[in-house]
1. Please find, among 195, 162, the residue that is within 15 Å of the ligand (Cβ to nearest atom), part of a loop (DSSP other than H, G, I, E, B) and among the aliphatic types (A, V, I, L, M).
2. Only residues that are crowded, with 19+ Cβ neighbours inside 10 Å and within 12 Å of the ligand (Cβ to nearest atom): list them for segment 323-338, please.
3. Tell me which residues, restricted to segment 253-282, are within 16 Å of the ligand (Cβ to nearest atom) and aliphatic (A, V, I, L, M).
4. Can you give me the number of residues within segment 128-147 that are assigned to a loop (DSSP other than H, G, I, E, B) and out of contact with any strand residue (DSSP E or B) (no Cβ under 9 Å at 6 or more places or on another chain)?
5. For residue 316, state whether it is farther than 18 Å from residue 190 by Cβ, part of a helix (DSSP H, G or I), within 16 Å of the ligand (Cβ to nearest atom) and among the charged types (D, E, K, R).
6. What's the number of the condition residue 285 fails, among (1) within 11 Å of the ligand (Cβ to nearest atom); (2) surrounded by 15 or more Cβ atoms within 10 Å (Cβ to Cβ)?
7. For segment 168-187, enumerate the residues that are within 15 Å of the ligand (Cβ to nearest atom), of a type in the set (Lys, Arg) and free of Cβ contacts under 8 Å to residues at least 40 places away in the same chain.
8. With (1) at pLDDT 95 or above; (2) more than 10 Å from the ligand (Cβ to nearest atom); (3) closer than 30 Å to residue 355 by Cα as the list, and residue 303 as the residue in question, which single condition is left unmet?
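The values are calculated or read from the model by the stated rules, or taken from the named source; none is laboratory data. Everything numeric in this text was worked out from a predicted model, so none of it was measured. Counting neighbours? That spans all protein chains shown, and the Cβs are built from the backbone with ideal geometry, glycine included.
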Amino acid sequence: MSGPHESVDSQRSTEPDSEVVNGYLHEAIAAIAAATTTAELKQARLDHAGDRSPLALANRKIGTLPPAERKEAGARIGKARGVLNQAVSARQAELAALELETALRDEHVDMTLPVHLTPQGALHPITALIDDMCDVFVAMGWEVAEGPELEAEWYNFDALNIGPDHPSRALQDTLWIDPPSDGKLLRTQTSPVQIRALLERDLPLYVVSPGKVFRADEYDATHLPVFHQLEGLVVDKGISMADLRGTLDHFARAMFGDVRTRMRPHHFPFTEPSAEVDLECFVCHGESVGNPDAPCRTCRSEGWIEWGGCGVVNPRVLQACGIDASLYSGFAFGMGVDRTVMFRNNAPDLRDFVEGDIRFSRSLLGGAR
Ligand code: DAH
């Protein structure tokens, strides 16, 4: 653009002359190149190509130029804006690729690195055994019934035909809630759940009731003040001791394999007749009896293991629950769960059960659960 009128021309076409436009463009290109993140690039694009950028403002002024100059100015600014937009797109692509590469590198997960395993808990062996025991009965169509641990004297004793003078009511056995005159206690057996089931459920009744029981016992290798029982109760028409026997045999075989049971006469106020049930030793099957060369730790070479109490439901219990004892009869049994874990899993010290050491639980569960 040389010529005699150059200065006059540039004056007339005031702005934006190509130098100014190029200046804007250079500044913009520099800012775009300097952007190192897509966020910075966005800002640079706003500053240099946005509505308030010098180029946009210059573009807006085109309309104020003399008509003859508009075309040229428009082309100049349009071209600059085109170049600018291309530069933005190119830088955008570069930065996006860079950011992706950085993310892939920084967020890379090495699947071969050793992991820190969060230690997991284990089922308590008593919980596991209660589950297994209940499964045997649920498979026969029985229901699982639970009752409160804080119990009323009437359920724990009176309704079970345990009169006021019965020795198990003595203070050294029962943990009474203050004041004892309120007749509240920590249940000493799961048998009160029998009463609750008889009162609340329809006949015929087939229930098992596992749970905690409490007695003012010593804390030593074979006694805990808190332990567990599993109670069973059937009330139906025509139930006899033979049904009890068959049920216990099935229960024993389901839990211990090919073993027999035996009953020894006993007394419980809530059953008549009553018996204690023994389990044939599932380890030596009696082979150790009178055989000092092959002693058995599980049954202490006695051949039988005491397992629980049982009997035919005393009609007085049925009557206490409003059941016609001339129509219905039943049987009941109660086993110590902790004791069962002891001889079943060779756990000689009951105190281990309450120490809360997960290694104990794991060793008894055999890593199965
Ligand atoms: N409740 C008895 C106890 O704690 C155990 C027991 C014996 C339960 C005989 C029964 C039963 O259901 O029939 O020693």
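1. It is 162.
2. 330, 331, 332, 333, 334, 335, 337
3. 263, 275, 277, 279
4. Matching residues across segment 128-147 total 1.
5. Taking the combined requirement at face value, the residue satisfies it.
6. Just one mismatch for residue 285, condition (1).
7. 169
8. It fails just one condition, (3).
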